[in-house]
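See structure below.
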Amino acid sequence: MTQLYTKQGLRYVPTTLSEQGAWGWRDLMALCAFRYCLGRMTYISGVCADWLVAKWADIPPHAQALIRKELDETFRRDDEDRATNEPFKALGWDCDRDAWEKVRSLWAAEQQPARPVELTPAEIAHRAKLLAAEMDAVGEAMARAADSTDESLLREAGWNLQDAAASLLQVIKDKT
């Protein structure tokens, strides 16, 4: 890495980017660049992520903490978007997410032990819709099978399963 110097009197002494104010008032420039690039679906996401990885040690701790907090929150939102198949995701395309993953890996070793996953309401609703669709398909198959074998109990069980699927979908609709 290139050593930076600043003139003090007649001498040049080593300095850092932070001491020179290169990050702007309260590190505004680094934060603004990060916030501008986050979620973009262009080359700039990768360029910014690579820049952050290269300069991470030089960025002041309070700016690092803000970037970390905002990136972790954006990953959480992106996970939610992907779980619900949203067309636009918080981190952008897969290649954009991969670029930001490089930045997140800077503090991956510091992560706390994994906690049990708490599903978001959107994830619960998405999973419940998938379950209802499966229940409906199985119920329909049971009713069809009962028609060909003349099994009234099987037919009734199939209808009950389809009714339960419809009720589940109605509950999801009412709560979301």
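Here, each number is a calculation from the coordinates, and none is a lab measurement. Nothing here was measured: the structure is a model prediction, and the numbers come from that model. Counting neighbours? That spans all protein chains shown, and the Cβs are built from the backbone with ideal geometry, glycine included.
Rg of the Cα atoms in the chain, relative to 2.2 N^0.38 Å, amounts to 1.70. Among the listed pairs LYS89/LYS129; LYS69/LYS129; LYS55/LYS102; LYS69/LYS173; LYS69/LYS102, a Cα-Cα separation exceeding 23 Å is found for LYS69/LYS129; LYS69/LYS173.
Basic side chains Lys and Arg get +1 at the Cβ, acidic Asp and Glu get -1 at the Cβ, and with that the dipole of the chain about its Cα centre reaches some 1280 debye. Cys residues of the chain that find no other Cys beta carbon under 4.7 Å: CYS32, CYS95. Near LYS129, once Lys and Arg are set to +1 and Asp and Glu to -1 for all other residues with Cβ below 13 Å from its Cβ, the sum equals 0. Ranking LEU10, PHE75, LEU119 by how far each Cα lies toward the positive end of the dipole of the chain (charges on Cβ) leaves LEU10 at the top. With 5 Å bins beginning at zero, the pair-distance distribution over Cα atoms of the range 34-97 amounts to 4, 18, 26, 25, 16, 8, 3, 1 %. Restricting the range 81-176 to GluC sites (Glu not before Pro) that sit in a DSSP loop and have at most 10 other Cβ atoms within 10 Å of their own Cβ leaves GLU118. With all projection directions averaged, the alpha carbon convex hull of the range 121-175 covers 3.3 nm².
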